[in-house]
Every structure is written in structure tokens, then in C-alpha cells.
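One structure below.
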Amino acid sequence: MPTDSRPSIVAHVQVMYFDTDAAAVVHNLAYLRFIETARTLLAIQMGMSFEHIARTQIHPVLTRTDIRYRRPGRLGDELEIRGRLGDVSAARFHVDFEVVRPADGAVLATCQQELALIQLPEGKVIRLPAGFANGFGVDSSR
């Protein structure tokens, strides 16, 4: 993961019974739920609160997910979901994730997601605000 000053988040989860399959191994979809939670917390940290989304009708929309499952997580594991804003272009941005088991340092999964900001109800992709890499540039007067 990059070590620059881009916004980042570390979310903690404990693997619950409903996160696992019959062999007590974390189900592939559970990793995506863990990542979704971390991505939402990162967006809030960057200034895109639920209130901001409701007021402006500008939504961060997932356009692509690339996930690599590397090692199995197990029932009861304590995990860290480490996320960081990655590449930013005029209209799209990436968020990079690692799912790590701190007990042994194992990286269980890596993921990169691509998102765009969409203005509803039109469904129009909008350009990212200036300085986006330092936050969503939320204008509280909107």
C-alpha cells in the first residue's frame, strides 16, 4: 500500500459465524462486505457524509472491483481492513484495500475498487472536485 499522505482508514472486524461457510472459513462475499464498510468510513472521513449525499444527491458509485483472495480467514479471527485512496483521474478514483490478520500479519485479500461520482436523479457522471485527493472538497453551503 502507498505510504503517501492520501486519506486512509483502518477498520476492525471480528469474523462471525454468519461470515463463514460450513468449514468455518470466511466466505468470499464477506470480504466484500468488510471492504464496503471500510470504504464507507473512508468516504465519511473525507467529508462525504450520509447527510452530504442526501443534500447534494452526489453519490460515490462503484464501477469496478478487483479482489484477490490470498489466504483464508477463519471463524473468530480479528481482522484489519486497511484502505487508502489510490489513483485519481478527472472523473474516476480508486481505493486500494488489504484485509490483514494482525495476529500473524497474514494478508488475506487485496482489493482495488474504481468509483465515480454520480449526480442523481440524472445519473450523470461528474468531474471530481479540485483537491479531491485530500478529501471530497465538500462545500457546506450547497
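The values are calculated or read from the model by the stated rules, or taken from the named source; none is laboratory data. All figures in this text were calculated on a predicted structure; none of them were measured in a lab. Heads up, the Cβs are rebuilt from the backbone with ideal geometry, glycines too, and the neighbour counts pull from every protein chain shown.
For every residue, the table says whether it meets (1) touching a Lys or Arg at 6+ places or on another chain (Cβ under 7 Å); (2) modelled with pLDDT under 95.
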| position | (1), (2) |
| --- | --- |
| Arg84 | yes, no |
| Asp87 | no, yes |
| Val99 | no, no |
| Gly105 | no, no |
| Leu108 | yes, no |
| Gln112 | no, no |
| Arg127 | no, yes |
| Gly131 | no, yes |
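Residues that are farther than 13 Å from Val13 by Cβ and small (Gly, Ala, Ser): list the strands (runs of 3 or more DSSP E) wholly contained in segment 31-141 that include at least 2 such residues.
Details: elements: 58-69, 78-88, 92-101, 106-119, 124-126.
Once the strands (runs of 3 or more DSSP E) in segment 31-141 are filtered for at least 2 residues that are farther than 13 Å from Val13 by Cβ and small (Gly, Ala, Ser), what remains is 106-119.
Close contacts from segment 1-25, counting a first residue that is at pLDDT below 95 and a second that is of a type in the set (Gly, Ala, Ser) and part of a helix (DSSP H, G or I), with Cβ to Cβ under 8 Å and a gap of 6+ residues or different chains, come to Arg6/Ala133; Pro7/Ala133.
Contact annotation: residue pairs with Cβ atoms under 9 Å, 6 or more positions apart or on different chains, pairing a residue in segment 102-120 that is under 12 Å from Ile67 (Cα atoms) and touching a residue at least 60 places away in the same chain (Cβ under 8 Å) with a partner that is surrounded by 16 or more Cβ atoms within 10 Å (Cβ to Cβ) and among the charged types (D, E, K, R), are Leu108/Asp77; Leu108/Glu98; Leu108/Arg101; Ala109/Glu98; Cys111/Asp96; Cys111/Glu98; Gln113/Arg39; Gln113/Asp96. Out of Ala54, Ala38, Ala91, one residue alone is within 11 Å of the chain's Cα centre (by Cα) and closer than 23 Å to Leu117 by Cβ. It is Ala38.
Condition check: out of contact with any strand residue (DSSP E or B) (no Cβ under 6 Å at 6 or more places or on another chain) and not aromatic (Phe, Trp, Tyr). Does Ala91 satisfy that? It is false that Ala91 is out of contact with any strand residue (DSSP E or B) (no Cβ under 6 Å at 6 or more places or on another chain) and not aromatic (Phe, Trp, Tyr). Within segment 81-91, the set of residues being surrounded by fewer than 16 Cβ atoms within 10 Å (Cβ to Cβ), of a type outside the set (Ser, Thr, Tyr) and touching a residue at least 24 places away in the same chain (Cβ under 8 Å) comprises Val88, Ala90, Ala91.
Within segment 34-62, being of a type in the set (D, E, K, R) and surrounded by 13 or more Cβ atoms within 10 Å (Cβ to Cβ) holds for Glu36, Arg39.
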